[in-house]
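So the structure is just underneath, and the comments pick up after that.
The values are calculated or read from the model by the stated rules, or taken from the named source; none is laboratory data. Note that the structure is predicted; figures quoted are calculated from it, not measured. Every residue, glycine as well, gets a Cβ built from its backbone with ideal geometry; the counts of neighbours run over all protein chains shown.
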Amino acid sequence: MILEKTWVALYKSAKPKSLEQVKKILKKNRGLKEENLKIKEIISNPKKAEIGIEEIEKFAQLITKIKENNKKILIHGDYDVDGITSTAIFFEFLERIGFDKENIHTFIPNRFKHGYGLSKESLEHLLKTENPKDTPLIVLVDCGITSHKNISTLEKKGFKVAVIDHHTLKEKKPKASYIFWNKKITASALTYLVTSLLEIKINKYTDINKSVDLAALGYVADLGNLKDPIGRAITKKGLYIFNKAIRPNIKALLKKEKNITTFDLGWIIGPRINAAGRIDSPQKALNLILEKEFNNINKMSYEIEKLNTLRQKDTKEMFEQALVGVSNKKYPGLGDNEKIIIVHSKEFHEGIIGLISSRLKQYFFKPAICISWEGDIGKGSCRSIPGVNIVDILKKTSTLLENFGGHSQAAGFTILKKNFEDFESKILDITDKDIPKSALIPKIEYDLNLERDLIKKELLGIISELEPFGNGNPEPLFVTENLVIKEIKILGKEQQHLKLLFEELEIPAIYFNGTKNKAPLNKGDNIKILYSLNENHWQGNTYLQIKINDVKKM
């Protein structure tokens, strides 16, 4: 479905006359603080990251004692990129301070067998496989902050439990022996900072370059806020390491070693790591990251690539099935008062439903819920649009759900089939009343209107100063009017992309999926474009390129 988008300018005054004015506007639009914060400054002042130094000292003493007594530590992670990289970061820290590999245990829950976090099933697994005499410490990374009951059980059994988490507190913190919590950054970033501080206490030194690449990968893939100065500092340093000396493990997934950006972390590497947990076992992704033998890396990355290909195939097929169901009105979403998409099937793979709901949200620009049925139990995944808090909506149906959780734009729940009909009816009623029609009009915010004579290489230098781009700090978007199309070329395997040349502008433009534009473009058309500016690297050459996001005819 091609929806007409409303363009909204962040800067509404007169067009800038110089690049210096453009620079000021871009910085003001973003409201970036402590732009040049360094990791060393954070480590020398841990309060910036809400990390208590006394807690670090006590935790360091316990870890040192465990090492001296030749005991074990178990790291319990999560099955997404943030959880897997957090686990790897803590693992590498223990290796650096002298732990034998055999004394470092890891456990990544399988979403199908164990569910998320320190669940009842995960707890049962830990109690069967570990005992507090041999494994006195369990470290929960990217989970645990809401696991009050199960943490208490572990502590009563004689384990010491440490929590390193960023998820939202439901009430108060659990009664774990050690807690490091910061909701402003991701678990991978927090784990990196905690382990750096621990290493200073234990070894009197830490190399800030160690594991920072994994922290950046987890941060970007988990949509960490890149306006946050700590997240920016870690991501900047991580990208520097990726481009200077990429790990063979990551290179095997990315297939390149230069010009690595947040796009590569979030859209190329991240989905491949996630694919292991969506289709098979997330432990496979962790094993790849920690592997040091080159031959093993190649075999393991090949298997991950196969899982990602299967994930892509399943997602495409299930999305198309959902799309047909919505279009045929088998599922609600297109009726006059239906402001949410709700699809459900026993054929929807539990590991894929988040991707299906995300695509439905993008396609229809409405909140979307996708439910996978197994017998009488349904697992639901929700994605929402800006301005619509999906968790607040779920709260109003909580009596019909077995459990639910998440944040404003993404959530999950479990439901019994006997409650589904009432749930669907109630959700449709709530969203009809609570979501204004104006919220369902897609909007693209752009930075400013730009004259064509300011589109030049020097502008790219100004843009690069604002990197890294991602959630909270989007790549600058501009609008330029009165561009006359001089030449059009159709590109792509499916003839879906356009390359445009304009009169009185030497810079070429690429318009991905441009053939699907509502109004077909022709030579001689006078248009205005909403776009970003980047460098294109092709066959050893580098040139300036306009990347079109949307087009309107003048």
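General remarks:
- When the range 122-162 is filtered for residues that are in contact (Cβ under 8 Å) with a residue 60 or more places away in the chain and either part of a strand (DSSP E or B) or not assigned by TED's automatic domain parsing to the domain that holds LYS72 (or both), the ones remaining, listed by number, are LEU137, ILE138, VAL139, LEU140, VAL141, LYS160, ALA162.
- Residue count, the range 177-202 (criterion: surrounded by fewer than 24 Cβ atoms within 10 Å (Cβ to Cβ), aliphatic (A, V, I, L, M) and touching a strand residue (DSSP E or B) at 6+ places or on another chain (Cβ under 6 Å)): 1
- Where ALA216 falls short, out of the listed (1) within 21 Å of the chain's Cα centre (by Cα); (2) farther than 13 Å from ILE39 by Cβ; (3) of a type in the set (A, V, I, L, M): (2)
- Candidates LYS210, LYS256, LYS227, LYS204 - the one that is touching a helix residue (DSSP H, G or I) at 6+ places or on another chain (Cβ under 8 Å), over 21 Å from GLU291 (Cβ atoms) and assigned by TED's automatic domain parsing to the domain that holds LYS47: LYS227
- Enumeration of residues in the range 163-173 that are within 18 Å of HIS407 (Cα to Cα) and not in a loop (DSSP other than H, G, I, E, B): ASP165
- Failed item, numbered, when SER281 is tested on (1) under 29 Å from ILE427 (Cα atoms); (2) in contact (Cβ under 8 Å) with a residue 12 or more places away in the chain; (3) small (Gly, Ala, Ser); (4) surrounded by fewer than 19 Cβ atoms within 10 Å (Cβ to Cβ): (1)
- Filter pass, ILE25 being within 22 Å of PRO468 (Cβ to Cβ), surrounded by 11 or more Cβ atoms within 10 Å (Cβ to Cβ) and among the β-branched types (Val, Ile, Thr): yes
- Tally of residues being assigned to a helix (DSSP H, G or I) and touching a Lys or Arg at 6+ places or on another chain (Cβ under 9 Å) across the range 211-233: 9
- Selection within the range 53-91 - touching a residue at least 40 places away in the same chain (Cβ under 8 Å) and not in a helix (DSSP H, G or I): LYS71, LYS72, ILE73, LEU74, ILE75, HIS76, GLY77, ASP78, TYR79, ASP80
- Residue check, LYS339 part of a loop (DSSP other than H, G, I, E, B), outside the structural domain of ASP434 (by TED's automatic domain parsing) and farther than 20 Å from GLY277 by Cβ: no
- Every residue from the range 174-190 that is in a loop (DSSP other than H, G, I, E, B) and over 25 Å from the mean Cα position of the chain (by Cα): PRO174, LYS175, ALA176, SER177
- Single residue of the range 191-210 satisfying the filter (outside any helix (DSSP H, G or I) and out of contact with any Lys or Arg (no Cβ under 9 Å at 6 or more places or on another chain)) that is farthest from LYS237 (Cα to Cα): LYS204
- Against the conditions (1) in contact with a strand residue (DSSP E or B) (Cβ under 7 Å, 6 or more places away or on another chain); (2) loosely packed, with under 14 Cβ neighbours inside 10 Å; (3) acidic (Asp, Glu), ASP447 satisfies every one except (2).
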